[in-house]
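This report refers to the structure that appears directly beneath it.
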Amino acid sequence: MMLSCKETTVMISQSLDRKLTLHERINVKLHLLICDACRKMVKQMKLIRVLSQRYYTTKDSGTELQHLSEAATTRIRERLDRELREHSGKDDS
Ligand SMILES: [Zn+2]
């Protein structure tokens, strides 16, 4: 059975916090093969992850870098939120 975009989104965000089962990983991979929107979303999620980690690790070293990271993370997070809403809205019908 193929996952919906919504289910894929949930699973991908969970995959950042826990290890997915083999079954879940396969389902996500299958969905990503056919869904361009979710593929883009994965990239953005990973980017946010990297940026937030960089923000926290560089917190004490250099205010300029801290400021830049924070702004970039916020911008990307807002964009991702918007895309997620649009994307999962479409999926509800
Ligand atoms: Zn999708």
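The values are calculated or read from the model by the stated rules, or taken from the named source; none is laboratory data. No experiment lies behind these values; they were computed from the predicted model shown. Using ideal geometry, Cβ is built from the backbone for each residue, glycine included, and neighbour counts are taken over all protein chains shown.
What the table shows:
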{"read-out": "Residues being at pLDDT below 70, exposed (fewer than 12 other Cβ atoms within 10 Å of the Cβ) and within 14 Å of the ligand (Cβ to nearest atom) - total across region 66-92", "value": "3"}
{"read-out": "Residue list for region 16-33, filter: β-branched (Val, Ile, Thr) and in contact (Cβ under 8 Å) with a residue 24 or more places away in the chain", "value": "Val28"}
{"read-out": "Answer residue from region 1-36, given it is within 10 Å of the ligand (Cβ to nearest atom) and exposed (fewer than 11 other Cβ atoms within 10 Å of the Cβ) and is farthest from Gln53 (Cα to Cα) among those", "value": "Met2"}
{"read-out": "In region 37-55, residue nearest to the ligand (Cβ to nearest atom) [restricted to those that are more than 18 Å from Leu84 (Cβ to Cβ) and surrounded by fewer than 15 Cβ atoms within 10 Å (Cβ to Cβ)]", "value": "Val50"}
